[in-house]
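Note sheet for the following structure.
The values are calculated or read from the model by the stated rules, or taken from the named source; none is laboratory data. The structure presented is a predicted model; accordingly, all values stated were derived computationally and were not measured. FYI the Cβ positions are ideal-geometry reconstructions off the backbone, even for glycines, and counts take in every protein chain you see.
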Amino acid sequence: MIRSDSIPAARRIPSTLLLHGLAVALVAAALALTLLLQDLVATSGYFLFYAAVGASAWFGGKWSGWLAVILSTLVVDYFFIPPIHSFGMDRQALPIFLEFAASSLLASWFSSWRKQADSLLKHARDELQMRVEERTVELQQTNQQLLAEMAERKRAENAYYEAQADLARVTRLSAMGALAASISHEINQPLTAVVTNADACMLWLSSKPPNLEETRAAVDCIAREGTRASDVVRHIRAIFTKGSPERTRVHVNELIREACALVQMEASRNKVAFETELDSDHPAAMGDRVQLQQVIVNLILNGIEALSGVTGRPRRLVVRSTTNGPDEILVAVCDSGVGIDPKDERRIFDAFFTTKDQGMGMGLAISQSIIEAHGGRLWATANSDHGMTFQFTLPSDPEAAS
């Protein structure tokens, strides 16, 4: 609804005069019709003036209604209240005049109130309709945004599943590559021993006369190394499968002696002074014999390789075993080699990381996996003078301790 105070004064004045003129015209029309019908209408039949007052208030507002009331009372007093054609009145006609004036005022008020209520109702209905339309537009926009977000989320979900499938495929390929690299790394030692003993066997057989005793010993060694190669493959595969390792009671000192015997030739070839410091008081442990032996062999061979380039000082490698608390066994392999760059110390146990020109970067990663699968831990520390010390722990057998 447009408020009257929001309309410019130049436009408001003609509109007000027009509405007041409407009130005057309606009162004049009521007077004319009443004079024409006065012979048929009773003295109290001023309904045409009531209609004029109501129409003026309805179409012209409150002020036009009041103007129609004033004009109607003056007209009725002048033309119909005795004495006729005079603004005076008899005492007996006063109640009739007051009744007409009060009725006119009531008709004007009711008509203007009803008009205002209808205008407010229409304004509220129009405003509600406008708000409903605005809200509908907002809901449509929100719905479109929601559909766009759902489509984007669907695309992201599909991309996630595709990336997950690619990751699973890469993980499988990585696991297969790690398995192949680990088997290649670990089986290289027994195969080297097989080739070496085969060459020795041919040498003993070609001598005059053939040295059958040494040949027989070389063939026995070839058989042992072939069996060991098969065991290495089988036990390394167990690391990458769900199968649990073969846990038996093992004596760490025996494993160390066997590992030292396997690498004695490599130590001699590199002129490494090989020493053992074994504590005979620690209890047995539970574990996979082949896997634990491979860990010791790997650590010793790494120490020998670290010592191969050392000049100007003794090439010394020490393997120690001792108790580390009441229920743990500690094995340490200490060398006086070139050591490891401090920036690489945290990465040496990562798969495929190596500081060797011909290395595969799997030995320490596999060794750490084996030790952790047995409930222990493997770590490395730099020596105060030269070289590194690799240590691992194993839980002791509770039954053996008791």
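Some observations on this one:
- Here residue 29 does not fit the description of being in contact with a Ser or Thr (Cβ under 9 Å, 6 or more places away or on another chain) and touching a residue at least 12 places away in the same chain (Cβ under 8 Å).
- Of everything in the stretch 370-395 that is assigned to a helix (DSSP H, G or I) and buried (at least 21 other Cβ atoms within 10 Å of the Cβ), the residue that is modelled with the highest pLDDT is 371.
- Every residue from the stretch 309-330 that is part of a strand (DSSP E or B) and within 44 Å of the chain's Cα centre (by Cα): 328, 329, 330
- Any hit, the stretch 43-63, residues being of a type in the set (Gly, Ala, Ser) and more than 16 Å from residue 25 (Cβ to Cβ): yes
- Qualifying residue in the stretch 85-94 (condition: at negative phi and in contact with a Leu (Cβ under 9 Å, 6 or more places away or on another chain)): yes
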